[in-house]
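First up is the structure itself, then whatever we jot down about it.
The values are calculated or read from the model by the stated rules, or taken from the named source; none is laboratory data. Everything quoted here is computed from the prediction, not taken from an experiment. FYI the Cβ positions are ideal-geometry reconstructions off the backbone, even for glycines, and counts take in every protein chain you see.
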Amino acid sequence: MLNLFFNYALSLAYKEPDFNVFCPNTEQVVEANTKNSCVDKGGQWNENTAYAPQKMEAVGYCDLQFTCRQGYEAARKVFDRNVFVVLVILGALSVLVGNFFKGNEVISSGLALGGVLSFIIASIRYWSSANDYVHIVILGIALVILFWIAMKKFRNQTNAGI
């Protein structure tokens, strides 16, 4: 429930980019049969020589949404990064607050595990946008936090049984 709360509150407070704002769906058909007309209209011309008959020139197609899609993808990467940072901060706060409920093992464990789940959700959401060095940092932090929680929880249980 903690992560449902985090993600729903975040979606209300911080709206994700809308593809239709960057690339409005217009009803008019735009012709772009040549490389120059395609580029002039903000598209990207793609050569398609594999399917061209032998006696014809190379054919291609125009991706008219190329330029607007680049803007959308850039905005999406910034959004994903910001959501990642917020979810990691909320997860860290959950783990820390869980330590203050030592008298109630259920709340303590729930907050700690909810914080770890927040890290996992944040990492999954940001994974495709992050580069390899960020992947290593994410995995390293996750391992350290999981190790710390395991040591804390199992040390308390082991010492209580002795």
Checklist outcome for this item: The correct count of residues that are hydroxyl-bearing (S, T, Y) and under 14 Å from the mean Cα position of the chain (by Cα) in the stretch 106-154 is 5
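So for the stretch 96-109 (the condition being among the acidic types (D, E) and at pLDDT 85 or above), does at least one residue qualify? It would help to see each step written out before you state the result.
Within the stretch 96-109, the subset among the acidic types (D, E) is 105.
Filter once more, keeping what is at pLDDT 85 or above: none.
Taking every residue of the stretch 96-109 in turn, none turns out to be among the acidic types (D, E) and at pLDDT 85 or above.
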Checklist entry - In the stretch 57-76, what residues are modelled with pLDDT of 90 or more and surrounded by 15 or more Cβ atoms within 10 Å (Cβ to Cβ)? => result Y72, A75, R76
